[in-house]
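Below: the structure, in structure tokens.
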Amino acid sequence: CVLVASEPAPLPAVTLAEVLATSDLPGGVVNILTGHRAELAPWLASHMDLNAVDLAGVGAGQVPVLEEAAAGNLKRVLRPQEGADWSAAPGTGRMTAFLETRTVWHPVGV
């Protein structure tokens with residue numbers, strides 16, 4: 001997982017990085033980047049090792065450019081929702097956009 005910390009308030013993300021560094025989580029599972037979102041987003045959208053990108057917090061003018069960059073390697077893109085209520089209880093909707101469901105059939109009696 002690659003996270004981009006909030007520009008105006010990066011301290012919670014940096015604190016989370018310290019907690020993860022001292023936990024049993026293997027290194028490299030969660031990567032937290034700090035910096036300007038406008039500079040980081042194009043690199044993340046076009047990076048070949050990332051499979052999906054959530055464009056929450058990206059300006060509306062930058063969304064088409066990032067979607068085009070992500071199309072270079074068929075990356076899944078979740079567009080920001082207009083008027084999203086960030087104070088509402090979180091659900092699994094944002095996460096399910098990036099999940100794959102596979103069906104495996106097991107023959108019986110063959």
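Note on the chain: with a GNM built from Cα contacts shorter than 10 Å, the maximum mean-square fluctuation among Val14, Val63, Val77 falls on Val14. Nonpolar atom fraction for the chain, defined as the carbon and sulfur part of the 1.4 Å probe accessible area, stands at 60 percent.
Taking the Cα centre of the chain as origin and assigning +1 to Lys and Arg Cβ atoms and -1 to Asp and Glu Cβ atoms, the resulting dipole is close to 260 debye. Here the Karplus relation 6.51 cos²θ - 1.76 cosθ + 1.60, evaluated at θ = phi - 60°, turns the backbone of the range 38-50 into coupling constants of 5, 7, 7, 4, x, 5, 5, 5, 9, 5, 6, 8, 9 Hz, with x for every Gly and Pro.
Each Cα pair under 8 Å and six or more residues apart adds its separation to the average, and for the chain the resulting relative contact order is 21 percent. Using 0.36 nm per residue and subtracting the Cα-Cα separation, the extra length available between Thr96 and Ala17 on full extension is 26.0 nm.
Extending 7 Å from Cα along the Cβ direction at Leu3 and again at Asn31 yields two label points whose distance is 1.6 nm. Structure remark: mean-square fluctuation, Gaussian network model of the chain, C-alpha springs under 10 Å; the largest value among Ser46, Ser23, Ser87 belongs to Ser87.
Working from Cα pairs under 8 Å separated by at least six residues, relative contact order for the range 50-105 is 39 percent. Computed over the Cα atoms of the chain, pair by distinct pair, the Kirkwood hydrodynamic radius stands at 16.3 angstrom.
The values are calculated or read from the model by the stated rules, or taken from the named source; none is laboratory data. Small disclaimer: the values here were computed from a predicted structure and weren't measured. Here the Cβ is made from the backbone with ideal geometry for all residues, glycine too, and neighbour counts use every protein chain on show. Surface areas here come from the heavy atoms of the whole protein model, side chains and all, with no ligands, DNA or RNA. Shrake-Rupley method; radii C 1.70, N 1.55, O 1.52, S 1.80 Å.
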